[in-house]
1. Wrap a convex hull around the Cα atoms of region 26-68, take a quarter of its surface area, and give that in square nanometres.
2. With runs of 4+ DSSP H residues as the only contributors, calculate the mean residue ellipticity of the chain at 222 nm using -39,500 (n - 2.57) per run, divided by the residue total and rounded to the nearest 500.
3. Given all pairs of different Cα atoms, what value in angstroms does the Kirkwood hydrodynamic radius of the chain take?
4. Within region 55-154, list the GluC sites (Glu not before Pro) lying in a DSSP loop whose Cβ has at most 13 other Cβ atoms in a 10 Å radius.
5. Determine ³J(HN,Hα), in whole Hz, for all residues of region 78-89 in sequence, where each value follows from phi through the Karplus function 6.51 cos²θ - 1.76 cosθ + 1.60 and θ = phi - 60°; x replaces Gly and Pro.
6. Taking the Cα-to-Cβ direction at A74 and at D191 and moving 7 Å from each Cα, how far apart do the two end points lie in nm?
7. Thinking of region 184-253 as a set of Cα atoms, what percent of all their pairs are more than 22 Å apart?
8. Which order do H133, H300 fall in if you start with the one that has the fewest other Cβ atoms within 10 Å?
Amino acid sequence: MTLHAPFPAGRPRRLRRDSFTRNLVREHALSAHDLIYPVFVQEGLNKRDAVASMPGVERFSLDTLLPVAEECVALGIPVMALFPVIDASLKTPAGDEAFNPDGLIPRVVAALKARFPELGVMTDVALDPYTSHGQDGLLDDTGYVLNDPTVEVLVKQALTQAEAGVDIVAPSDMMDGRIGAVRDALEGNGDIHTRIMAYSAKYASAFYGPFRDAVGSAGNLGKSNKKVYQMDPGNSDEALREVGIDIAEGADMVMVKPGMPYLDIVRRVKDEFRVPTFAYQVSGEYAMLKAAAQNGWLDHDAVMLESLLAFKRAGADGVLTYFARDAARLLKQQR
Ligand code: PBG
């Protein structure tokens with residue numbers, strides 16, 4: 001099949017000649033509505049602690065988070081995703097603080113929804129910020145992460161978040177069967193509205209390093225890794241199996257993570273399933289671009305927008321990105 005007449009009848013450069021033509025024929029576009037903004041929250045008042053490995057990212061207390069949420073609404077960012085920094089004294093081997101109804105996340109969710117009902121709020125369902133060992137689940141005597149007992153705790157965590165009024169729960173733990181278990185529990189509670197965004201194809205990636213610094217789980221995790229539950233970076237077909245299972249178990253939206261090194265997976269998932277598909281431009285990807293920009297090696301705004309547009313082109317309906325606020329501000333200026 002010839003897609004375009006050959007030279008000289010066809011001259012693809014004609015359509016690149018001026019910005020109006022480029023605007024006219026562009027296939028994909030980025031908008032603030034495509035962005036989910038991950039934020040780190042901590043206890044206390046008037047706190048904004050910088051995360052050294054993520055320039056421009058801060059850990060907010062509820063009072064300093066409120067103006068950020070207000071700006072997200074003004075910029076048209078549809079959803080904020082919350083990640084907790086849990087005090088070391090509350091961490092236990094079983095991560096029980098994860099389902100404390102008076103814990104940090106339920107309080108922040110309730111406050112945000114009371115103040116900004118039009119802003120979507122999403123929460124992570126995973127135990128790693130709450131466990132003393134930094135793993136996403138309960139361990140047996142050998143240190144292996146147990147599946148089914150972990151799922152029971154994840155269900156309690158998701159229900160606690162839903163009861164606090166969260167819009168979207170996002171299981172990021174990669175235990176088998178957790179989407180179905182969370183969905184059944186929500187339905188069992190008569191909760192038909194809480195959406196599930198499943199971290200379906202989540203790889204055991206070294207690009208999560210700065211995030212683990214930000215939530216303070218890096219020290220707990222030490223030299224161990226998450227390869228016995230997160231996916232092997234060498235696998236692609238397996239991502240389709242994982243996504244298929246999560247959709248069958250009741251996920252409304254699926255996610256691929258990390259983002260930029262895994263755009264091939266985003267494309268395969270979108271082509272195969274045609275469901276709302278998201279990608280997470282993770283902490284290490286953000287750190288990489290920021291570091292190069294700070295050195296003057298890359299043009300910050302240009303690579304930020306190009307990297308985000310690339311997710312759309314690969315088939316993502318939206319992107320979780322620490323650049324969300326910067327990108328939305330820039331998109332607004334450009335209009
Ligand atoms: C927790 C979780 C992680 C991330 C999101 N949720 C870390 C991990 O799995 O170790 C990573 C996000 C990022 O790197 O930006 N389960």
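1. On the way: hull surface 17.1 nm².
Taking a quarter of the hull surface, the average projection is 4.3 nm².
2. On the way: 12 runs with 133 residues, N = 335.
One gets -12000 deg cm²/dmol as the mean residue ellipticity at 222 nm.
3. Details: mean 1/r = 0.0483 Å⁻¹.
Kirkwood radius, the chain: 20.7 Å.
4. Values: sites: E58, E70, E71, E97, E118, E152; in loops: E118.
Those that pass, being in a loop and sparsely packed, are E118.
5. Values, residue by residue: x, 9, 10, 10, 9, 10, x, 9, 9, 4, 3, 5 Hz.
6. 3.2
7. Details: 1007 of 2415 pairs.
That tail contains 42 percent of the Cα-Cα pairs.
8. Working: H133 20, H300 17.
Going from sparsest to densest Cβ surroundings: H300, H133.
Coordinate-derived values only; no laboratory data. Just so it is clear, the structure is predicted and the values come from calculations on it, not from any experiment. Quick reminder, even Gly has a Cβ in these numbers, built from the backbone with ideal geometry, and neighbours come from all protein chains shown.
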